[in-house]
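Q: Before I ask anything, let me first share the structure, which is written out below as structure tokens.
Each value in this text was obtained by applying a stated rule to the coordinates, not by laboratory testing. All figures in this text were calculated on a predicted structure; none of them were measured in a lab. Here Cβ is always computed from backbone atoms with ideal geometry, including for glycine, and neighbour counts include all displayed protein chains.
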């Protein structure tokens, strides 16, 4: 399923079960990674955007859609828009204190993401991983929680799965007496470590486990710990991905180093 299709499915699920926090977290997680189509008042100009703002529930909300088709159906005419990642939109809206009217006009999946939720989301995706030097003293197989953790990590890391030789999920005990969960990533290049750790920690933040001690460790295949991890851990299995056709982007948001600004 494409990112666009998955986002819409999760929005429909949340519409059916609005009180389900797990469904809400799954939608937020997918939204941050998906390409979303933002309706504009006019064509983008030199890195700035002028989004259409709709009054919903007494607050201002930009109009964002899961597909170009939904955007076109909403207006029934050609209109300017920007295709941006969800995380870029979240970052852009936080300072403006605007929410999102998502898939407006699509009854099965339309919903409001409030300005408060946008602020919370931005806090999650902008948080940098912390490092520590606590030494693992034991490894152990995980229980039932491993299935949920494995699923959310596979969904989050699938686009980066080829950056490492293997990904293992395992329980870990530390010299301090603390116990938690560790994602062991084997033979990843040094430059990939920070983004992989960031993506994994985001996935766990959205999975609904409170107070879970979760760490990411980068190992080489010849490290002594790898043998114990392979014996007791659960390997993440990634589905094959269809080939991706590169898209040409000439609008704000195509360069992550230069996020667009509202005007």
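Q: So for the chain, averaging the separation of alpha carbon pairs under 8 Å that are six or more residues apart and normalising by length, what relative contact order in percent results?
A: Working: 445 pairs, mean separation 53.4, N = 263.
Relative contact order of the chain: 20 percent.
Q: Using label points projected 7 Å from each Cα along Cα→Cβ, tell me how many nm separate residue 194 and residue 131, to one decimal.
A: 1.1 nm
Q: Which value in deg cm²/dmol, rounded to the nearest 500, describes the helix-derived mean residue ellipticity at 222 nm for the chain, given -39,500 (n - 2.57) per DSSP H run of n ≥ 4 and division by the residue count?
A: -11500 deg cm²/dmol
Q: Just the Cα atoms of the range 73-171, one point each, no solvent: what log10 I(q)/I(0) does Debye give at q = 0.13, 0.15, 0.18, 0.20 Å⁻¹?
A: Each listed q corresponds, in turn, to -0.79, -0.95, -1.12, -1.20.
Q: What does the highest-first list of 12-19, 88-95, 65-72, 154-161 look like by mean Cβ count within 10 Å?
A: The packing order, highest mean first, is 88-95, 65-72, 154-161, 12-19.
Q: Here's a follow-up. For residue 144 and residue 50 in the same chain, what is the full-extension length gain: residue separation times 0.36 nm, less their Cα-Cα distance, in nm? Display every interim value, and only then the final one.
A: Numbers: separation 94, 0.36 × 94 = 33.84 nm, distance 4.73 nm.
Going from the current span to full extension adds 29.1 nm.
Q: Work out the P(r) tail for the range 3-126: percent of alpha carbon pairs separated by more than 20 Å, whole number.
A: Working: 2852 of 7626 pairs.
Counting every Cα pair in the range 3-126, those more than 20 Å apart make up 37 percent.
Q: Find the Rg to Rh ratio for the chain, where Rh is the Kirkwood radius over alpha-carbon pairs and Rg uses the same atoms.
A: Reported Rg/Rh, Kirkwood definition of Rh: 1.01.
Q: Another question, then. Highest GNM mean-square fluctuation, the chain, Cα pairs closer than 10 Å: which of 60, 105, 143?
A: Its mean-square fluctuation being the largest, the pick is 143.
Q: How are the alpha carbon pair distances in the range 136-235 distributed across 10 Å bins from zero to the largest one, expressed in percent?
A: 15, 53, 31, 1
Q: Roughly how far apart, in whole Å, are the Cα centres of the range 57-136 and the range 191-214?
A: Each part's Cα centre sits 20 Å from the other's.
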